[in-house]
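One structure below.
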C-alpha cells in the first residue's frame, strides 16, 4: 500500500492523507479532525475507511477534515485557538477535485464554528453513510458493517 500525508511543518495540522492499494478511482472521506494517523501509520478510523472504500470498488482513499487540528480529543479541538488550519479549505477543494466521490462522515460535532455548513457549500454534492439523530453525517466507526454511501440531500 502506498501512503502519504500533508502535515504542517509545526506538526499541529494534517491537511490531507492518502492511501492507495490498487488501480482505480479515489474516494474522499471528510471527517471532523485528524487523530493519530500519519504518512505511514493508520488509526482505527483510517482502517475502517480503507475497508469501506475497497468494498465499494475504489483503489485509493483520500481523507480531509472540517478541522485540520490534530488531536484525538474533541474537547481539545473545541479549545484550540485556530482549529480549522490556514490551508484547510484549499486542500479540501483539491482532494475533492481528485476524487470521484466525496463522503461526509464528521459526526455530531460538525456544527462547531459552522464548519459543516461551510464545507457542505464548498464540496457539494456530498454522500453519507447515514445520518445521526442530529442530522449530521455518521462517522465511519459508528456506521454498520457493509454501509453504502448515499447522496446527502
For the stretch 52-136, calculate the relative contact order in percent as a whole number, restricting contacts to Cα pairs under 8 Å that are 6 or more residues apart.
27
Peptides 7-19, 97-109, 121-133, 25-37 ordered by average Cβ neighbours within 10 Å, highest first
25-37, 97-109, 7-19, 121-133
The relative contact order of the stretch 1-124, taking Cα pairs under 8 Å that sit 6 or more residues apart, comes to a percentage of 30
Given the chain, what percent of its DSSP beta bridges are antiparallel, to the nearest 5?
55
For the stretch 60-153, just say rounded, prolate or oblate: build the C-alpha gyration tensor, square-root its eigenvalues into a ≥ b ≥ c, call rounded for a/c under 1.5, and beyond that prolate if a/b exceeds b/c, oblate if not.
oblate
Using a Förster distance of 30 Å, how high is the FRET efficiency between residue 56 and residue 79, based on the Cβ-Cβ distance and rounded to 0.05?
0.25
What helix-only [θ] at 222 nm does the chain give? Using -39500 (n - 2.57) per DSSP H run of at least 4, over all residues, to the nearest 500, the answer is -7000 deg cm²/dmol
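Between residue 43 and residue 8, what length in nm is gained on full extension when 0.36 nm per residue of separation is reduced by their alpha carbon distance? Kindly include the intermediate steps, with their values, before the conclusion.
Numbers: separation 35, 0.36 × 35 = 12.60 nm, distance 1.90 nm.
Difference between extended and current length: 10.7 nm.
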Here the relative contact order (percent) of the stretch 19-81, from C-alpha pairs under 8 Å and at least 6 apart, is 48
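Each reported figure results from applying straightforward, stated rules to the coordinates on display, with no laboratory input. Given the structure is predicted, the values throughout are model-derived calculations rather than measurements. Please note: Cβ atoms are built from the backbone with ideal geometry, for glycine as well, and neighbour counts cover all protein chains shown.
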